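Take a look at the structure below.
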Amino acid sequence: MSTGVAALLGSIIGGNTPAIAASDNNPRTYAGDYQGGSLPIGTFIAFQYASFAHADAFVDPTGRALPDSHANTWVEFTRLTYFAEVADHPFVIEADLPFATLTDVNIPGTNNRVAGGLVDPVFHMTYFFISDAKVQRWFGVSNFLWLPLGRSFDDRSAVNVSTPGQLTDTPQFGYTEGLGKISPSLNGLFFDLIANASFHGNGSSPLEVVNPPGAPFPGVLRYDALTQRPSYDVKAFLRYNPSTFLFAAFGIEKSWGGEQIGTNGRFVVAGLPVAIPQPDMSLGRDDFLRGHFQFQIPLAQDFTIAGDVFHDFQATGGFRENIGVEVRLAKFFFPPSRAN
């Protein structure tokens, strides 16, 4: 979800004036999630996620790490999940309510202010074309709709956890294959592949800077609109799942695209009826290579705790998260057994 903060950054009138807005592109799908297609129809799950990530640098869109830049990102959200059935196939309906903020923020050339709070809520559905526990193969197609209902975007804050009023649609597929059929020595091993593309609507008023660095006169720099190109993300995991709800997995994730472009820019000189038009500006993008270690432990037949430890090997156009940890709690409400 848009709890991963993407960047709006550019060189403005000779000086660096970064501003950061959320980019809705991260559904936070775990290894093994699509294997859930075999859960009984009528199952309801309440998830609670909480995460912390420390960024050791802010990297601009050209790949330059700003000196002494850093931040801590805090995220928590609730996800509600219900398993229904359509045409004899599992059909999963879900909704997320996320919140986020950042602390210990330092981005040179900005006021370091943070507009934290409610992030864009998400509504999503998954249809399973294949859900075969006997063959150990699952294939589902999801669609995530990010609604621009998060906290009001503050174009004078250096960091925003919400988008500037963007509606985003993210189709995703998940594929899981059990490897035990290849050789008995591989029993309990699974391969998970998750891929998505995010298509972003236009945003409004993404940036306003009073007396930007490098400006020849006092004044206000404004960009009235934001466009964003599609974002793409692929994750692959090798997972050991020896028993129900118990697993450990290693994975790699690559995200790219999502270039954000400020349009209709102008610099208004203070005290004068003078507005200097500014060219469209590339402000940032979603670009990182991230490693994951994930695990899940059942604490009871209907309650699990899972975790994700991650590290960015490379990032461009945003914060490089040197280390991050997420915890996920899940409470399952299973339906009564069906009569034969």
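The values are calculated or read from the model by the stated rules, or taken from the named source; none is laboratory data. Just so it is clear, the structure is predicted and the values come from calculations on it, not from any experiment. No Cβ is skipped: glycine too gets one built from the backbone with ideal geometry, and neighbour counts run over all protein chains shown.
Gly178 meets each of the listed conditions (1) farther than 24 Å from Ala197 by Cα; (2) touching a Phe, Trp or Tyr at 6+ places or on another chain (Cβ under 8 Å); (3) surrounded by fewer than 19 Cβ atoms within 10 Å (Cβ to Cβ); (4) of a type outside the set (Lys, Arg) apart from (3). Beta carbons closer than 9 Å, at least 6 apart along the sequence or on distinct chains, pair a first residue in segment 38-54 that is on the phi > 0 side of the Ramachandran plot with a second that is in a strand (DSSP E or B) and of a type in the set (Asp, Glu) for Gly42/Glu85. Of all residues in segment 159-185 being β-branched (Val, Ile, Thr) and in contact (Cβ under 8 Å) with a residue 12 or more places away in the chain, which is nearest to Ile107 (Cα to Cα)? Here the residue is Val159. Evaluating Ser243 against the criteria (1) under 28 Å from Gln48 (Cβ atoms); (2) surrounded by 15 or more Cβ atoms within 10 Å (Cβ to Cβ) leaves one unmet condition, (2).
Residues that are modelled with pLDDT under 95, assigned to a loop (DSSP other than H, G, I, E, B) and not basic (Lys, Arg) within segment 181-200 comprise Ile182, Ser183, listed in sequence order. Scanning segment 291-308 finds one or more residues that are more than 30 Å from Pro164 (Cα to Cα) and acidic (Asp, Glu).
Pick from Gly165, Gly150, Gly140: which is buried (at least 20 other Cβ atoms within 10 Å of the Cβ), assigned to a loop (DSSP other than H, G, I, E, B) and either under 19 Å from the mean Cα position of the chain (by Cα) or not β-branched (Val, Ile, Thr) (or both)? So that I can check it myself, show each step before the final result.
Values: Gly165 fails: buried (at least 20 other Cβ atoms within 10 Å of the Cβ); Gly140 fails: assigned to a loop (DSSP other than H, G, I, E, B).
One residue alone meets the criteria, Gly150.
Candidates are the residues of segment 52-89 that are small (Gly, Ala, Ser) and outside any strand (DSSP E or B); the one that is modelled with the lowest pLDDT is Gly63.
Go through segment 159-178 residue by residue and tally those that are closer than 18 Å to Lys235 by Cα and not small (Gly, Ala, Ser). Before the answer, list the steps.
Step one: list which residues in segment 159-178 are closer than 18 Å to Lys235 by Cα, which gives 170-178.
Those left that are additionally not small (Gly, Ala, Ser): 170-173, 175-177.
Qualifying residue count for the region: 7.
Among the residues of segment 21-32, is there at least one that is at pLDDT 95 or above, in contact with a strand residue (DSSP E or B) (Cβ under 7 Å, 6 or more places away or on another chain) and more than 21 Å from Tyr232 (Cβ to Cβ)? For segment 21-32, residues at pLDDT 95 or above, in contact with a strand residue (DSSP E or B) (Cβ under 7 Å, 6 or more places away or on another chain) and more than 21 Å from Tyr232 (Cβ to Cβ): present. When you look at Arg156, is it touching a strand residue (DSSP E or B) at 6+ places or on another chain (Cβ under 9 Å), basic (Lys, Arg), within 27 Å of Arg266 (Cα to Cα) and assigned to a strand (DSSP E or B), yes or no? No.
Taking segment 247-340 and the strands (runs of 3 or more DSSP E) fully enclosed by it, the elements with 3 or more residues that are closer than 25 Å to Asn196 by Cβ and under 15 Å from the mean Cα position of the chain (by Cα) are at 287-300, 303-316, 318-333. Can you tell which of Thr176, Thr126, Thr110, Thr103 is in a strand (DSSP E or B), within 30 Å of Asn211 (Cα to Cα) and more than 16 Å from the chain's Cα centre (by Cα)? After ruling out the rest, the residue left standing is Thr103.
Do the conditions hold for Tyr49, that is, is it among the hydroxyl-bearing types (Ser, Thr, Tyr), crowded, with 17+ Cβ neighbours inside 10 Å and in a strand (DSSP E or B)?
On the way: among the hydroxyl-bearing types (Ser, Thr, Tyr): yes; crowded, with 17+ Cβ neighbours inside 10 Å: yes; in a strand (DSSP E or B): yes.
When the stated conditions are applied, Tyr49 passes them.
Criterion first (touching a helix residue (DSSP H, G or I) at 6+ places or on another chain (Cβ under 9 Å) and modelled with pLDDT of 95 or more) does Leu246 satisfy it? Answer is no for this residue. State yes or no: is Gly116 under 24 Å from Tyr49 (Cα atoms), modelled with pLDDT under 95 and either of a type in the set (Asp, Glu) or out of contact with any Asp or Glu (no Cβ under 7 Å at 6 or more places or on another chain) (or both)? Yes. How about segment 260-273: which of its residues are surrounded by fewer than 19 Cβ atoms within 10 Å (Cβ to Cβ) and either among the small types (Gly, Ala, Ser) or on the phi < 0 side of the Ramachandran plot (or both)? If the condition is that a residue be surrounded by fewer than 19 Cβ atoms within 10 Å (Cβ to Cβ) and either among the small types (Gly, Ala, Ser) or on the phi < 0 side of the Ramachandran plot (or both), then Thr263, Arg266, Val268, Val269, Ala270, Gly271, Leu272, Pro273 are the ones that fit.
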